[in-house]
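Asker: Would you mind keeping the following structure in view while I ask a few things?
The values are calculated or read from the model by the stated rules, or taken from the named source; none is laboratory data. All values derive from a computational prediction rather than experimental measurement. Cβ: placed from backbone, ideal geometry, glycine included. Neighbour counts: every protein chain shown. Heads up: the accessible areas ignore ligands, DNA and RNA and are worked out on the full protein's heavy atoms, side chains in. Shrake-Rupley method; radii C 1.70, N 1.55, O 1.52, S 1.80 Å.
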Amino acid sequence: QTPSERIVILLNFANEALRTDSLYILETLAERLALHSNPHHYGIFEKTPLEGRDHLAELGRQMSQTVLVGNDASLQGATLTMSGNDTALLREQRQQIRAKVARAFYSQVSTIDRPVVLLLDTCEWLSEGEGEEIGQWVMGELLPHIHEKLVQKRHQCLIVIASRMLPTFSVIERQDQFSLSLPMLEQAAVEKYLTTLGIDDSFMRQRIYEITHGHALCVSII
């Protein structure tokens, strides 16, 4: 139902790459916004993630080199683990590269000529485990910066966040948030969906609805 003059971008964090690789998030957004932004700025952006990944790959190779001492047979094939200092250096380099790529992306966003709607789905993946660090960056830095750049251009930016867990916002003010609990699916909607999947048995469709009570995740699992 979103008006056609708005740009609609969907990110589904059920995709593992999106919740573990911040550069991939920026690349995905930049590519989907390319048609609505300055081609020159997008061209500049395209180079920065590639350069960043090459730099990290080279740094990783340097840190993981095997060191053999003398002819001690017990050391043959041994691999040294990274020290705490090495790990901290690699983390710092990742953050610096992410900041550089993000700056190129924000420059591209500054050239967008239309309002934007960002749809972020399955965001519970960003609340814990491997996605927590990315989640803090997305909610606390990426989204506010995108919003700021568009507002400066007098374009509206709406962000819809779907999550089975309440997200934590460290930057987005409470007055700028609107929460909506989604209702269970009605039986007719569930049966229509199941029919499109090829379940022609009406008794089976009804039974699935009775088991799931119209809970969308349970319906999709079944």
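Asker: So, taking all protein chains as they sit and a 1.4 Å probe, how much accessible area belongs to R103, in Å² rounded to tens?
Answerer: 140 Å²
Asker: A further question follows. Taking K100 as the anchor, which aspartates and glutamates have their alpha carbon closer than 19 Å to its alpha carbon, excluding any fewer than eight residues away along the same chain?
Answerer: Within the straight-line limit of under 19 Å, K100 reaches these aspartates and glutamates: D21, E27, E31, E46, E51, D54, E58, E92, E133, E141, E148.
Asker: I've got another one for you. Please report, to two decimal places, log10 I(q)/I(0) for the chain at q = 0.08, 0.09, 0.13, 0.18 Å⁻¹ as given by the Debye formula with identical point scatterers on the Cα atoms and no solvent.
Answerer: -0.44, -0.54, -0.90, -1.30
Asker: Taking the Cα atoms only, what angle lies between the long axis of helix 84-109 and the longest principal axis of the chain, rounded to 10 degrees?
Answerer: The helix 84-109 is inclined about 50 degrees to the chain.
Asker: Kindly write out, for region 207-222 in residue order, the coupling ³J(HN,Hα) from the Karplus curve 6.51 cos²θ - 1.76 cosθ + 1.60 (θ = phi - 60°), rounded to whole Hz, with x marking Gly and Pro.
Answerer: 5, 4, 5, 5, 6, 8, 6, x, 6, 4, 5, 5, 4, 5, 5, 5
Asker: Report relative contact order for the chain in percent, whole number only (criteria: Cα-Cα under 8 Å, sequence separation at least 6).
Answerer: 23 percent
Asker: If you don't mind, there's one more thing I want to ask. Can you compute 3J(HN,Hα) from phi for each residue in region 165-178, using the Karplus curve 6.51 cos²θ - 1.76 cosθ + 1.60 with θ = phi - 60°, rounded to whole Hz and x for Gly and Pro?
Answerer: 10, 5, x, 9, 10, 8, 10, 5, 5, 4, 5, 9, 10, 9
Asker: Moving on. Between H215 and L119, how many nm apart are label points set 7 Å from Cα along the C-beta direction?
Answerer: 2.4 nm
Asker: Charges only on Cβ, +1 for Lys and Arg, -1 for Asp and Glu: so what's the dipole of the chain about the Cα centre, in debye to the nearest 20?
Answerer: Dipole magnitude for the chain comes out near 620 debye.
Asker: To continue, here is another question. Collect residues whose amide H, placed 1.01 Å from N in the peptide plane, falls under 5 Å from the amide H of N12; neighbours closer than 5 in sequence don't count.
Answerer: Under 5 Å from the amide H of N12 lie the amide H atoms of D121, each far enough along the sequence or on another chain.
Asker: Return the sequence-ordered ³J(HN,Hα) values of region 134-149 in whole Hz as given by the Karplus equation 6.51 cos²θ - 1.76 cosθ + 1.60 applied to θ = phi - 60°, using x for Gly and Pro.
Answerer: 5, x, 4, 5, 4, 6, x, 10, 4, 4, x, 5, 4, 4, 4, 4
Asker: On to the next question. Sort all Cα-Cα distances of region 1-57 into consecutive 10 angstrom bins from zero, then give the percent of pairs in each bin up to the one containing the longest distance.
Answerer: Spelled out per bin, shortest first, that is 20, 43, 31, 5, 1.
Asker: Roughly how many nanometres apart are two label points built 7 Å out from the Cα toward the Cβ at R164 and Q187?
Answerer: Between R164 and Q187, the label points sit 2.5 nm apart.
Asker: Additional query: Hand me the trypsin sites (Lys or Arg not before Pro) from region 117-159 located in a DSSP loop with no more than 10 other Cβ atoms within 10 Å, in residue order please.
Answerer: R154
Asker: Name the residues whose placed amide hydrogens come within less than 5 Å of the amide hydrogen of S163, ignoring near sequence neighbours (fewer than 5 apart) on the same chain.
Answerer: Counting only residues 5 or more places away or on other chains, the set is C123.
Asker: Quick query: amide H of I7 versus all other amide H atoms, modeled in the peptide plane; which residues come in under 5 Å with a sequence gap of 5 or more or a different chain?
Answerer: So I7 has HN proximity to V116, V117.
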